[in-house]
Amino acid sequence: MFRNTWNKMQEIYGNEGQLELLTAENYLFTKELTLILQKFSRGKILDAGAGYLSRKKLLNKFSEKYISCDVERFHPDIDYVCDLTGEMPFKEKEFDTIVNISVLEHTKKPILVLKNFHKVLADNGYIVLATPFLFYEHGMPYDYFRFTTNGIKELAEEADLNIVEFIKTGGLICSFLSLFASVFSLTLFMVHLKFLIPYLTKFIAFVCSFEPDFMKRSFYGMTISVLNKKNS
């Protein structure tokens with residue numbers, strides 16, 4: 001029951017474009033993602049694994065044209081239904097930016113995803129890839145992997161991609177507090193006090209912001225990796 005309710009919360013917040021307000025980890029991650037997009041995103045953008053289009057509004061701010069795809073039509077406005085590990089319905093070098101958020105862990109062969117991204121990425125384009133490390137099981141039964149920074153480096157090397165930048169978000173304290181807050185948020189949702197969840201999220205995020213950087217080097221919730229083609 002609780003898992004189904006949590007999934008329903010994610011769907012509601014995702015459809016409202018407010019997924020960052022669901023947990024402190026989401027909130028802090030979105031702040032870092034926004035900075036990365038300001039620096040690297042441009043031109044035609046592919047939201048690969050777009051889900052409920054929860055980040056469409058944000059990505060539109062940093063692109064000239066937004067295209068979405070996912071393995072299922074989770075939202076009626078998804079542009080393409082496709083398997084990221086299979087044949088993708090796009091031209092070679094079609095996209096200036098590819099954004100892939102919390103998707104790679106749900107694919108059985110993540111290397112195929114990065115190789116496909118290499119095909120459809122423009123020579124001077126960037127891939128913004130977000131992968132979990134300290135994170136609960138989600139999207140069951142299709143949750144297969146967690147990624148260290150060295151793991152991402154190995155995958156990138158095999159896909160003929162460079163690592164341009166790594167950003168670690170969250171941390172041990174933040175992961176623990178977010179777990180506690182998620183249970184509390186779930187309770188608020190079930191007793192019809194959903195309007196209080198954003199206040200709880202922002203408070204926990206404020207506390208998490210004081211976590212020392214040295215703790216995040218080994219204990220971190222998510223990694224945002226920026227990749228580009230070798231020799232580009």
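The values are calculated or read from the model by the stated rules, or taken from the named source; none is laboratory data. Everything numeric in this text was worked out from a predicted model, so none of it was measured. Reconstructed Cβ throughout: ideal geometry from the backbone, glycine too, with neighbour counts over all protein chains shown.
Elements of the type helices (runs of 4 or more DSSP H) sitting completely within segment 153-232 and holding at least 3 residues that are over 27 Å from Glu11 (Cα atoms): these cover 213-216. Filtered by the rule that a residue be outside any helix (DSSP H, G or I) and either loosely packed, with under 14 Cβ neighbours inside 10 Å or in contact with a Ser or Thr (Cβ under 7 Å, 6 or more places away or on another chain) (or both), segment 105-127 gives Thr107, Lys108, Lys109, Asp123, Asn124, Gly125, Tyr126.
Just one of Leu19, Leu46, Leu37, Leu33 is of a type outside the set (Gly, Ala, Ser), within 22 Å of Leu134 (Cα to Cα), modelled with pLDDT of 80 or more and buried (at least 19 other Cβ atoms within 10 Å of the Cβ); which is it? Explain how you work it out, then say what you get.
Values: Leu19 fails: modelled with pLDDT of 80 or more; Leu46 fails: within 22 Å of Leu134 (Cα to Cα); Leu37 fails: within 22 Å of Leu134 (Cα to Cα).
After ruling out the rest, the residue left standing is Leu33.
Scanning segment 81-97 for residues that are crowded, with 16+ Cβ neighbours inside 10 Å and in contact with a strand residue (DSSP E or B) (Cβ under 9 Å, 6 or more places away or on another chain) returns Cys82, Leu84, Met88, Phe90, Glu94, Phe95, Asp96, Thr97.
Scan segment 177-189 and give yes if some residue there is in contact with a strand residue (DSSP E or B) (Cβ under 6 Å, 6 or more places away or on another chain), surrounded by 13 or more Cβ atoms within 10 Å (Cβ to Cβ) and small (Gly, Ala, Ser), otherwise no.
No, that holds for no residue.
Here's the yes/no breakdown for (1) under 17 Å from the mean Cα position of the chain (by Cα); (2) closer than 23 Å to Gln18 by Cβ; (3) of a type in the set (D, E, K, R):
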position	(1), (2), (3)
Ser41	yes, yes, no
Ala48	yes, yes, no
Lys56	yes, yes, yes
Lys91	no, no, yes
Ile101	yes, yes, no
Lys115	no, no, yes
Ala122	no, no, no
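No other residue among Asp83, Asp96 is of a type in the set (D, E, K, R), modelled with pLDDT of 90 or more and not in a loop (DSSP other than H, G, I, E, B) apart from Asp96.
Of the residues Lys8, Lys56, Lys91, only one is out of contact with any Cys (no Cβ under 8 Å at 6 or more places or on another chain) and more than 29 Å from Cys174 (Cβ to Cβ); which?
Numbers: Lys8 fails: more than 29 Å from Cys174 (Cβ to Cβ); Lys56 fails: more than 29 Å from Cys174 (Cβ to Cβ).
Of the residues listed, the single one that is out of contact with any Cys (no Cβ under 8 Å at 6 or more places or on another chain) and more than 29 Å from Cys174 (Cβ to Cβ) is Lys91.
Please specify each residue of segment 33-80 satisfying the condition of being free of Cβ contacts under 8 Å to residues at least 12 places away in the same chain and assigned to a loop (DSSP other than H, G, I, E, B). Matches in segment 33-80: Glu72, Arg73, Pro76.
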